[in-house]
Structures are given as C-alpha cells and as structure tokens.
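The values are calculated or read from the model by the stated rules, or taken from the named source; none is laboratory data. Keep in mind that this is a model prediction, so the values were computed, not measured. Positions of Cβ are generated from backbone atoms using ideal geometry, with glycine treated the same way; all protein chains shown enter the neighbour counts.
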Amino acid sequence: MITSRELIKKYLDFFRSKGHTVVPSAPLIPEDDPSALFINSGMHPMARFFLEGKHPLGSRIADVQRCLRTDDIEEVGDTTHHTFFEMLGNWSFGNYFKKESITFSYEFLTKHLNIDPKRLWVTVFAGDKDAPQDEESAKYWQEVGIPKERIFYLGKEDNWWAVGETGPCGPDTEIFYDAAPGRLLKTADCGPGCDDRFVEIWNNVFMVYNRTKKGELRELPSKNVDTGMGVERVTAVLQGKDDNYRTKIFWPVIEDWNKKTQKEYAGQNQRFYRIMADHFRAAFFIISDGVTPSNVMQGYVLRRLLRRALRAGWQLGFDKRFYLSALEYWSEFYLSTYPEIKGKLEKVKEVIATEEDKFSQSLRRGEKELLKFLRKKDSRTISGREVFYFYETYGLPLEIVADVVKEEGGKIINRQEFETAFRHHQEKSRTAASGVFKGGLASHHPRAIRMHTATHLLQAALRQVLGSKVKQAGSKVDEEKLRFDFTFDRPLTKEELKKVEELVNQKIKENLPVKWEVMGFQEAKKLGALAFFEHKYGEKVKVYTIGDFSREVCGGPHVKSTGEVGRFKILKEKSSAAGIRRIYATVE
Ligand code: SER
C-alpha cells in the first residue's frame with residue numbers, strides 16, 4: 001500500500017526522470033502576492049513566472065507545495081475537506097504542452113502507481129466564447145488509451161482554472177479515478193464531475209491566457225502547463241479508503257486521541273476528531289511559517305482555526321494541552337518533505353498554549369450563553385447580527401457558532417448581517433495592518449528593517465564576489481534572521497563566504513546613505529536596478545540605492561544609512577533546490 005510520502009517521492013522522481021527541476025515548496029504566506037493571505041495551490045507561487053514567460057530554474061519544474069484554503073472551513077468535518085493540504089504539481093513554461101502533459105500523467109498513473117487504466121476517466125473543456133472545445137486533449141487521451149466513452153466535455157465551472165480573478169488561466173483536463181466500478185450511477189448519462197463514484201485525482205491546466213483587470217483574456221507569452229494533484233485525496237484513493245482521515249497523515253493522531261477519550265470515531269464525534277486533526281495540522285504549518293494569532297489577516301484565520309479545534313476537543317471531553325502529541329507527530333512526519341519546519345515545534349506548542357490559556361474561559365462561557373440563547377427559542381435560529389454579538393462579546397468565531405447551531409438542529413439566518421458588522425469592526429485594525437506586505441517585508445520591526453537592508457547589501461556582495469549570474473530567487477526577513485535564495489550552481493567555499501561577509505561589513509562600516517526615489521520601471525532597469533518581482537511593479541517604482549554599491553527596485557522600508565545595520569553575520573549556506581543556494585544570516 002502506497003503511503004503519502006511514497007506518493008510524493010514517486011511523483012518527484014518520475015518528473016525528475018522526465019527532465020524536470022524539483023523546487024522546494026514556497027512558504028504558506030505568499031512572498032509576492034499581497035492580494036492573498038495564503039498560498040492556495042501549487043500554481044500560486046508560480047504565477048509570476050507564467051506572466052514573465054519563464055522560470056529561473058528551467059522550463060520543466062515540479063514540486064510538492066503546502067497550501068491552505070479558507071473558503072470552506074465550515075465544510076471541514078466530512079471525509080474530504082481540508083484547510084491545509086499538500087499539492088503535487090508539474091509545470092511546463094513554454095516547453096511541452098498538451099500531448100506530453102497527458103502522456104506523462106497517463107504513464108505515471110498506470111506504470112508507476114499501477115492504476116488499472118480501466119479505472120481512469122477524464123473530462124476536457126467543452127468550449128465557449130473564450131476558448132474552443134478542447135478536441136486536441138480528447139485526441140491525445142484516446143491516443144494513450146482512454147476510449148471515447150470515458151471522455152466527457154464540461155464547461156467553465158468544471159474545466160477551467162484560474163489563479164484568481166485576474167492573472168494566468170486556461171482550460172483544463174481533469175483525471176478521475178473510478179472508486180467503485182460497476183456501481184449504479186445517479187443517472188445514466190452521469191459521469192465524472194456528476195457522480196461521486198469518480199474521484200478527481202489530477203488537474204492538468206493549459207495556461208495560455210492572462211485575465212486583465214478589465215476582464216479581457218490576453219495570450220500569455222508562451223503555451224504552458226500547470227498540473228495539480230492533491231496528496232491527501234490521492235493517498236486515500238490509492239489505499240481504497242473513503243475517508244482521508246483514515247490515512248497515516250491523520251490516523252495515528254486520531255487513534256491516540258481516541259484512546260484517551262474512549263469516545264468512538266463515529267457519528268457527531270467523528271466530526272470533532274476531524275476538525276481537530278485538520279485545524280491543528282493547519283495551525284502547525286501556519287505558525288511554523290511565522291504567523292501568530294491576531295484579529296487581522298493570516299493571524300485571524302489562525303485564531304479561528306485554533307478556537308474551533310479547541311472547542312472540538314472540549315466536546316470530546318478533553319481539557320488542556322491535548323494537541324501536543326499530535327503536533328509532535330506531524331513535526332516528525334513532515335520533516336523529510338519540508339526540512340524548514342525543523343526546530344519549529346516548540347514555538348508552535350507555545351503559541352497554541354498561549355491562545356488556549358488566554359481564551360478558553362471566555363470561549364466556554366460564550367458557548368454556554370449561546371446554548372441558553374438558542375434553547376430559549378423553539379426554532380433554534382440565530383441572526384447574523386446576534387452571531388456577531390457572540391463574536392464580539394466572547395470571541396466565538398462564526399464557525400463555532402455555526403457548529404453549535406448545527407448540533408442543536410438550528411439555523412443561522414441573515415448571515416450577511418454578520419459579514420457587514422464584522423467588516424465594519426475590522427476596518428480600524430485593518431487600516432493599522434495595511435501595508436504589512438509592501439515590498440515583501442512581513443514585519444516592520446526595527447530589527448527586521450535592519451535585516452532587510454542587510455539583504456540588499458548581501459545581494460550586491462554576492463554579485464561582486466561570485467559574478468552577475470547571481471540573481472535573487474526569494475527572500476524572507478524577520479526580526480531574528482534573514483533568508484536569501486539566489487541562483488548559483490555550486491556550494492560556496494569558506495573563502496567566498498568569508499569574502500561576502502567581510503564585504504557587507506565593510507559597507508556597513510562605510511556608513512553609506514540609503515536613499516530612494518520613484519521612477520519609471522524602464523528607467524530603473526536602465527540604471528541597472530535589480531528587480532526581483534518584475535511583473536508585480538506598476539509603472540512607477542521605488543528604487544533604493546546604497547552608496548554606489550547597491551541599487552534595487554523595492555518597496556522598503558530600510559534604514560537611513562548602513563551604519564544602523566549593525567554587524568552582519570552569515571549563519572549558514574546550503575542548497576535550496578537545484579541551481580539555487582540559500583543563505584541564512586543575521587545582524588547583531
Ligand atoms: N492550478 C490547478 C489546481 O490547483 C492545477 O495545478 O488545481
């Protein structure tokens with residue numbers, strides 16, 4: 001029986017053998033997309049490369065990406081919905097297209113996962129005013145061996161994928177696994193996307209358009225492929241399980257809870273176990289990626305997940321700290337896939353415990369009051385405005401109220417009243433938090449600002465020591481350290497690292513002025529300014545100059561002169577992906 005980690009390994013090995021460069025997962029918090037709170041797909045961190053028409057590491061890329069979707073938090077509790085999930089993906093940037101993509105998928109599924117080809121069904125785009133019916137894909141599917149009868153044509157709702165309202169998009173072809181061959185279909189003409197006998201396992205998107213702000217479709221510079229395969233679902237399917245939580249990803253955690261509570265994994269309790277498993281796992285990753293609970297943005301999502309998970313635990317009779325062993329389990333389980341979670345466990349435990357201690361009393365009281373309120377009425381209904389009262393007074397997030405109401409057999413009416421009141425309430429804090437992501441700097445802490453300037457110095461020093469083939473491939477700055485990824489094809493020698501460190505420190509000693517001005521993007525390029533997020537910049541950009549040593553397009557903020565940075569120290573240099581090195585450094 002194939003496990004989720006084996007699935008990942010097989011997938012990446014397969015695409016490596018087909019000439020793909022395997023890149024590491026991006027963090028859950030987008031580094032260059034202030035319009036989204038979390039990375040929602042394997043494609044999300046790739047979007048900017050599609051707009052540019054190329055990826056710095058080549059035209060064939062594959063990875064496993066940690067993702068989080070918040071659209072259906074309330075659905076979590078059934079067999080298949082998750083907030084956090086892992087997605088496998090392979091991409092072609094103007095390299096191969098439909099034929100190869102379909103051939104690769106078919107080969108991987110039938111030869112490497114040994115899926116019986118008779119169990120594979122597919123859908124392709126039926127065509128509309130934006131793009132024609134995808135006869136090409138249908139033809140390639142037939143060529144590899146899928147008979148016409150198992151190919152279905154569906155419209156935009158099913159066979160079209162877009163990163164967001166604007167940006168890269170295109171028709172897709174989806175691959176389904178027949179989980180119950182021979183089972184009677186809902187209706188005779190029902191197929192994939194209509195009967196749940198067919199489980200979607202892979203989505204191959206042909207990214208050829210960019211949707212502009214006006215809603216127009218423009219052709220991208222090249223024909224691309226974006227595919228995505230959800231690890232949790234495919235693992236369950238391959239193991240013949242109809243409940244994702246029964247795979248090793250969750251099951252040992254649930255069994256352990258089960259032993260402690262002596263409450264069966266069944267009925268209402270089953271939902272509580274799943275909510276706990278899903279939300280605590282999500283919290284583990286969100287906190288590992290640097291977020292703490294708050295009332296805005298990512299911090300607020302984290303807070304809602306934690307409160308709902310804690311409450312689910314209380315429902316099962318748990319009191320305190322019942323999630324610790326689960327966190328320990330995942331921190332081991334995921335280490336080989338995401339080495340960056342190493343050393344994060346203690347912090348995660350501490351953050352959750354603090355949230356628990358601060359709020360459990362109020363939440364428990366709130367729930368009691370809510371029950372009293374509901375039971376006073378025969379209808380057990382509650383309006384959006386009243387839901388907001390319970391949020392404001394006791395900190396009960398909408399999802400908890402929804403859970404309680406559901407358990408009581410009631411209903412929330414006029415939900416939008418909650419949204420309106422909530423938005424109003426958040427305006428103030430949101431204004432305070434806006435700008436948090438400007439320039440990709442996740443924190444405006446003074447030390448993080450010094451770190452940020454150090455990153456610019458580091459990039460300039462690397463280019464001076466190693467040559468101009470060094471290009472930024474990513475970076476992250478917080479109060480403790482900075483991380484800088486750059487293109488370079490071998491480990492740096494001790495001497496090189498020393499030279500780089502010394503050069504940065506020399507520039508700090510020279511106390512160079514850090515200045516910025518606003519100019520046109522083309523002008524900035526002409527002046528030799530380095531620009532990492534090329535397509536993200538508007539017409540006018542802010543360019544930071546450090547003496548005559550460094551010039552970069554950047555949103556800031558930075559220190560006023562390099563003397564403020566303090567002593568610069570390289571902590572570690574290592575590989576980040578093929579062709580990409582990573583430096584951790586700090587300032588003292
Ligand atoms: N972007 C597509 C998805 O998320 C395929 O990777 O399904």
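Here are a few things to note about the model shown:
- Of the strands (runs of 3 or more DSSP E) lying entirely inside region 488-588, those carrying at least 2 residues that are surrounded by fewer than 20 Cβ atoms within 10 Å (Cβ to Cβ) are 514-520, 540-546, 568-577, 580-587.
- Failed criterion for ARG218 (all others in (1) away from the ligand (no atom under 16 Å from the Cβ); (2) farther than 27 Å from ASN95 by Cβ; (3) modelled with pLDDT under 95 hold): (2)
- Considering THR83, THR70, THR79, the condition of being among the polar types (S, T, N, Q), at negative phi and crowded, with 23+ Cβ neighbours inside 10 Å is satisfied by THR83 alone.
- Across region 128-166, the qualifying residues are those that are of a type outside the set (A, V, I, L, M, F, W, C) and over 28 Å from LYS118 (Cβ atoms), and the one among them that is nearest to the ligand (Cβ to nearest atom) is GLY164.
- Restricted to region 199-217, and to residues there that are more than 22 Å from the chain's Cα centre (by Cα) and β-branched (Val, Ile, Thr), the residue that is nearest to ASP172 (Cα to Cα) is VAL208.
- Listed by first and then second residue, the pairs linking a residue in region 81-101 that is closer than 18 Å to ALA47 by Cα to a residue that is among the aromatic types (Phe, Trp, Tyr), with Cβ atoms under 6 Å apart and 6 or more places separating them unless they lie on different chains, are LEU88/TYR11; ASN90/PHE15.
- Residue that is farthest from the chain's Cα centre (by Cα) [pool: residues in region 180-198 that are in contact (Cβ under 8 Å) with a residue 40 or more places away in the chain and more than 18 Å from SER105 (Cα to Cα)]: PRO181
- Only one entry in TRP202, TRP141 is in a strand (DSSP E or B) and closer than 27 Å to ALA236 by Cα, namely TRP202.
- Scanning region 176-188 for any residue that is buried (at least 20 other Cβ atoms within 10 Å of the Cβ), within 11 Å of the ligand (Cβ to nearest atom) and within 16 Å of SER101 (Cα to Cα) turns up nothing.
- Qualifying residue in region 199-207 (condition: at pLDDT 95 or above, more than 12 Å from the ligand (Cβ to nearest atom), crowded, with 20+ Cβ neighbours inside 10 Å and not aromatic (Phe, Trp, Tyr)): no
- Any helices (runs of 4 or more DSSP H) falling wholly within region 222-340 and containing at least 2 residues that are touching a residue at least 40 places away in the same chain (Cβ under 8 Å), within 16 Å of the ligand (Cβ to nearest atom) and under 30 Å from GLY58 (Cβ atoms): 231-238
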